[in-house]
Amino acid sequence: MNSVVESGRFHLRFGLFSVREQFGDVRASLAANALIPFFVWLLSRLWERFNGSQGNFTLAEIVVYIGITEVLYMTFVRPASVGRASCDFSIALARPRSWLVTSFSGLVGRSLGGRLFMLAILIPVFPLMGAESSHVGTSMLRLFLLLPWLAVLQGLMALFFAIAQVLWHKTDYFFLPVGKVFLVLGGVWGPIADFNEPWRGWLLKFPPSDLFFQPAYFCIKGHFYGLSGTEWFLRTGLLALFLLIVNVFFFRIAKTRHQSFGG
């Protein structure tokens with residue numbers, strides 16, 4: 001029992017360290033994310049030009065919506081983070097703590113830390129782009145409620161790619177198509193609520209909408225689109241359970257195959 005508690009404390013500390021690590025080199029992080037406010041401003045103006053007449057959102061709301069989806073997407077399954085999780089796999093297997101849990105806690109921490117850093121950049125400039133300060137505050141409070149659970153979902157997704165990298169070594173070509181699929185199907189550049197049927201109905205059935213569109217819509221409107229809060233947590237909970245089972249299954253294969261190659 002004591003070993004389980006101590007292991008839990010270790011992984012919690014490692015996750016918190018991974019959060020703080022994202023703030024370690026502020027200058028480099030600022031340089032890497034300096035153009036994000038510009039992209040949010042540009043995409044919101046494009047939305048105003050082509051979809052503003054639909055009436056689902058105001059310009060003040062869409063600025064915050066695109067900002068939130070950009071933050072969630074830009075910290076979603078990043079190759080550098082996955083590479084760190086998969087490195088030294090054979091050494092980690094000899095340690096008393098689980099590589100699977102250690103990698104997961106690091107991925108969750110880095111995702112959460114990256115999102116907090118990007119929000120620290122965007123929140124002060126939202127009013128400059130047309131958002132209302134009071135609405136920004138309310139939306140951010142709602143987002144902070146969802147961030148821990150969204151980081152868990154992102155961590156499970158990224159963990160699958162880390163295990164795949166151990167199994168097949170070269171998986172860089174997976175990141176681009178998977179990222180683009182989630183970008184398009186998740187409503188990152190524009191709300192799925194603005195899409196016409198039957199596309200809107202179909203897109204709302206897929207996991208990307210639950211990871212990007214639905215959280216951002218909730219932050220803006222205070223409720224999920226066509227779902228209750230219980231239904232959204234049930235859907236994402238089933239996704240998390242599926243990813244957990246898949247990760248454990250492929251981790252066992254990776255561990256056996258890695259050792260069979262003399263790892």
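Scanning the stretch 14-53 for residues that are out of contact with any helix residue (DSSP H, G or I) (no Cβ under 9 Å at 6 or more places or on another chain) and under 23 Å from ALA120 (Cβ atoms) turns up GLY24, ASP25, ARG27, ALA28, ALA31, ALA32, LEU35, PHE38, LEU42. Restricting the stretch 65-80 to residues that are buried (at least 24 other Cβ atoms within 10 Å of the Cβ) and hydroxyl-bearing (Ser, Thr, Tyr), which is nearest to GLY106 (Cα to Cα)? In this case the residue turns out to be THR69.
The residues of the stretch 139-167 that are modelled with pLDDT of 95 or more, of a type outside the set (A, V, I, L, M, F, W, C) and either closer than 12 Å to ASN247 by Cβ or buried (at least 21 other Cβ atoms within 10 Å of the Cβ) (or both) amount to a single one, SER139.
Just to check your reading of the model, which residue among GLY201, GLY226 is surrounded by fewer than 16 Cβ atoms within 10 Å (Cβ to Cβ), part of a loop (DSSP other than H, G, I, E, B) and either without any contact (Cβ under 8 Å) to a residue 40 or more places away in the chain or among the aromatic types (Phe, Trp, Tyr) (or both)? Explain how you work it out, then say what you get.
On the way: GLY201 fails: part of a loop (DSSP other than H, G, I, E, B).
Only one candidate passes the filter, namely GLY226.
Determine, yes or no, whether GLY187 is touching a Ser or Thr at 6+ places or on another chain (Cβ under 9 Å), crowded, with 19+ Cβ neighbours inside 10 Å, in a helix (DSSP H, G or I) and not hydrophobic (A, V, I, L, M, F, W, C). For GLY187, the condition - touching a Ser or Thr at 6+ places or on another chain (Cβ under 9 Å), crowded, with 19+ Cβ neighbours inside 10 Å, in a helix (DSSP H, G or I) and not hydrophobic (A, V, I, L, M, F, W, C) - is not met.
Give, as residue ranges, the helices (runs of 4 or more DSSP H) completely inside the stretch 1-64 that count at least 2 residues that are surrounded by 14 or more Cβ atoms within 10 Å (Cβ to Cβ) and more than 19 Å from the chain's Cα centre (by Cα). Reasoning before the result, please.
On the way: elements: 2-21, 26-33, 36-50.
Result: 2-21, 36-50.
For the stretch 122-154, residues that are over 18 Å from ILE62 (Cα atoms) and touching a Leu at 6+ places or on another chain (Cβ under 8 Å) total 6.
This table checks each residue for (1) assigned to a helix (DSSP H, G or I); (2) out of contact with any Cys (no Cβ under 6 Å at 6 or more places or on another chain); (3) more than 18 Å from ALA216 (Cβ to Cβ); (4) among the hydroxyl-bearing types (Ser, Thr, Tyr).
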position: SER111; (1), (2), (3), (4): yes, yes, no, yes
position: SER139; (1), (2), (3), (4): yes, no, no, yes
position: LEU143; (1), (2), (3), (4): yes, no, no, no
position: GLN154; (1), (2), (3), (4): yes, yes, no, no
position: ALA162; (1), (2), (3), (4): yes, yes, yes, no
position: GLY179; (1), (2), (3), (4): yes, yes, no, no
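Could you please find all residues in the stretch 172-184 being surrounded by fewer than 19 Cβ atoms within 10 Å (Cβ to Cβ) and either in contact with a helix residue (DSSP H, G or I) (Cβ under 6 Å, 6 or more places away or on another chain) or hydrophobic (A, V, I, L, M, F, W, C) (or both)? Walk me through how you get there before you give the answer.
Here is the first cut: in the stretch 172-184, the residues surrounded by fewer than 19 Cβ atoms within 10 Å (Cβ to Cβ) are 172-181, 183-184.
Hits for the stretch 172-184 are PHE174, PHE175, LEU176, VAL178, VAL181, LEU183, VAL184.
Pairing residues of the stretch 18-34 that are in contact (Cβ under 8 Å) with a residue 24 or more places away in the chain with residues that are surrounded by 13 or more Cβ atoms within 10 Å (Cβ to Cβ) and aromatic (Phe, Trp, Tyr), at Cβ distances under 6 Å and at least 6 apart in sequence or on separate chains, gives GLN22/PHE117; SER29/PHE117.
Residues that are hydrophobic (A, V, I, L, M, F, W, C) and assigned to a loop (DSSP other than H, G, I, E, B): does the stretch 85-106 have at least one? Give the derivation first.
Filtering the stretch 85-106 down to residues hydrophobic (A, V, I, L, M, F, W, C) leaves 85, 87, 89, 91-94, 99-101, 104.
Still in the running and assigned to a loop (DSSP other than H, G, I, E, B): 87, 94.
Within the stretch 85-106, one or more residues are hydrophobic (A, V, I, L, M, F, W, C) and assigned to a loop (DSSP other than H, G, I, E, B).
For LYS170, the conditions (1) of a type outside the set (Ser, Thr, Tyr); (2) modelled with pLDDT under 90; (3) touching a Gly at 6+ places or on another chain (Cβ under 9 Å) are fulfilled apart from (3).
The values are calculated or read from the model by the stated rules, or taken from the named source; none is laboratory data. Being a predicted model, the structure only gives us computed values, none of them experimental. For neighbour counting, all protein chains shown are included, and Cβ atoms are generated from backbone atoms with ideal geometry for every residue, glycine included.
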